[in-house]
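The values are calculated or read from the model by the stated rules, or taken from the named source; none is laboratory data. Fair warning: this is a prediction, and the values are worked out from it, not measured in the lab. Because the Cβ atoms are built from the backbone with ideal geometry, glycine has one as well, and the counts that use them run over all protein chains shown. In case anyone asks, the SASA skips ligands and DNA or RNA and just uses the protein heavy atoms, side chains included. Shrake-Rupley method; radii C 1.70, N 1.55, O 1.52, S 1.80 Å.
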Amino acid sequence: SISIIKYTNGEDADVATGPFIPVGGAVNWTYAVTNTGNVTLTSVSVTDDQGVVVSCPVSELAPGAGTICTASGTAIAGQYANIGTATGTPPVGPAVTATNPSHYFGTTPSISIIKYTNGEDADVATGPFIPVGGAVNWTYAVTNTGNVTLTSVSVTDDQGVTVNCPVSVLPPGATTVCTASGVATAGQYANVGTATGTPPVGPAVTATNPSHYFGTTPSITIIK
């Protein structure tokens, strides 16, 4: 008899999701193959159902002996699964086999933000006209546009505006609306909101969006 335990980046990931690996990152599989019978096995090899090329350092295993076979690849997006199959030939009788699955999840983290001033998506000037001293209400619609959950989700504003977000964790596809407020100042005003979130692996992701308003000071003169 023969046994196999397959690892993905060092993790015995028999069930999903397995390790999170950024898309394009290295995937290293190891296959621990052991002769669990009482006779020597020859022609020992490992194959993979996803066409991964597996290399084994030996092709013969005495009873109780083991070997580590290896393969490598590059992470693709989303849930990935493959199965390693170990095969060995005894002195008599048919070849013996064993299988073991493994998994990983290829991550593509991303985030988006749309900033509104008094309900207006004012990416360019002038934006809404607001009387000086009037209320300014900013909303920041933040969406997880990637395929993994983001934690530590927050929004900052380049003009020092304090932004409040109701949640700090966003699953894929989820949106939260953060808010801030202020008082209109005179003339053209611009600020930029930056959304940030932390994926399971890799650096934080960010996105920015500007907004504008124009603080009005209307007056009239009469010359008689």
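In segment 113-137, which residues are over 28 Å from the mean Cα position of the chain (by Cα) and either open to solvent by less than 50 Å² (accessible area, probe 1.4 Å) or among the small types (Gly, Ala, Ser) (or both)?
Listed by number, the residues that qualify are 117, 119, 122, 125, 127, 128, 130, 133, 134, 135, 136.
Out of all the residues in segment 188-211, which are in a strand (DSSP E or B) and either among the charged types (D, E, K, R) or under 30 Å from residue 105 (Cβ atoms) (or both)? I'd like the intermediate steps shown before the answer.
Initially, segment 188-211 is screened for residues in a strand (DSSP E or B), giving 188-198, 205-211.
Those that are in a strand (DSSP E or B) and either among the charged types (D, E, K, R) or under 30 Å from residue 105 (Cβ atoms) (or both): 193, 194, 195, 196, 197, 198, 205, 206, 207, 208, 209.
Answer yes if at least one residue in segment 37-60 is among the charged types (D, E, K, R), assigned to a loop (DSSP other than H, G, I, E, B) and surrounded by 13 or more Cβ atoms within 10 Å (Cβ to Cβ), and no otherwise.
Quick first cut of segment 37-60, residues among the charged types (D, E, K, R) only: 48-49, 60.
Next cut, assigned to a loop (DSSP other than H, G, I, E, B) only: 49, 60.
Narrowing the set further to residues that are surrounded by 13 or more Cβ atoms within 10 Å (Cβ to Cβ) leaves 60.
Yes: one or more hits.
Kindly indicate whether residue 18 is modelled with pLDDT of 95 or more and either assigned to a strand (DSSP E or B) or out of contact with any strand residue (DSSP E or B) (no Cβ under 8 Å at 6 or more places or on another chain) (or both).
Working: modelled with pLDDT of 95 or more: yes; either assigned to a strand (DSSP E or B) or out of contact with any strand residue (DSSP E or B) (no Cβ under 8 Å at 6 or more places or on another chain) (or both): no.
Spelling it out, it is not the case that residue 18 is modelled with pLDDT of 95 or more and either assigned to a strand (DSSP E or B) or out of contact with any strand residue (DSSP E or B) (no Cβ under 8 Å at 6 or more places or on another chain) (or both).
Just give me the residues in segment 165-191 being open to solvent by 70 Å² or more (accessible area, probe 1.4 Å) and touching a residue at least 60 places away in the same chain (Cβ under 8 Å), in sequence order.
Answer for segment 165-191, where residues must be open to solvent by 70 Å² or more (accessible area, probe 1.4 Å) and touching a residue at least 60 places away in the same chain (Cβ under 8 Å): just 188.
Which one of these does residue 29 not meet: (1) within 30 Å of residue 151 (Cα to Cα); (2) hydrophobic (A, V, I, L, M, F, W, C); (3) not in a strand (DSSP E or B)?
Only one criterion is unmet by residue 29, namely (3).
Every residue in segment 3-21 that is under 28 Å from residue 147 (Cα atoms) and crowded, with 18+ Cβ neighbours inside 10 Å, please.
Narrowing segment 3-21 to residues under 28 Å from residue 147 (Cα atoms): 6-21.
Listed by number, the residues that qualify are 6, 7, 8, 9, 13, 18, 19, 20, 21.
With the condition kept exactly as written, say whether any residue in segment 73-87 is over 27 Å from residue 145 (Cα atoms), loosely packed, with under 15 Cβ neighbours inside 10 Å and not aliphatic (A, V, I, L, M).
No, there is no match, as no residue in segment 73-87 is over 27 Å from residue 145 (Cα atoms), loosely packed, with under 15 Cβ neighbours inside 10 Å and not aliphatic (A, V, I, L, M).
Please specify each residue of segment 136-174 satisfying the condition of being more than 10 Å from residue 111 (Cα to Cα) and among the hydroxyl-bearing types (Ser, Thr, Tyr).
The answer is 139, 140, 149, 151, 152, 154, 156, 162, 168.
Please work out which residue is nearest to residue 17 (Cα to Cα), limiting yourself to segment 61-79 and to residues that are among the β-branched types (Val, Ile, Thr) and not in a loop (DSSP other than H, G, I, E, B). Even if it seems obvious, please write down each step before you answer.
Taking segment 61-79 and keeping what is among the β-branched types (Val, Ile, Thr), we get 67-68, 70, 74, 76.
Imposing the further condition that a residue be not in a loop (DSSP other than H, G, I, E, B) reduces the set to 67-68, 70, 74.
Details: 67: 26, 68: 24, 70: 21, 74: 17 Å.
Residue satisfying both the conditions and the ranking: 74.
I'm trying to understand the selection: among the residues of segment 31-54, which are within 23 Å of residue 91 (Cα to Cα) and among the small types (Gly, Ala, Ser)? It would help to see each step written out before you state the result.
Step one: list which residues in segment 31-54 are within 23 Å of residue 91 (Cα to Cα), which gives 32-47.
Matches in segment 31-54: 32, 37, 43, 45.
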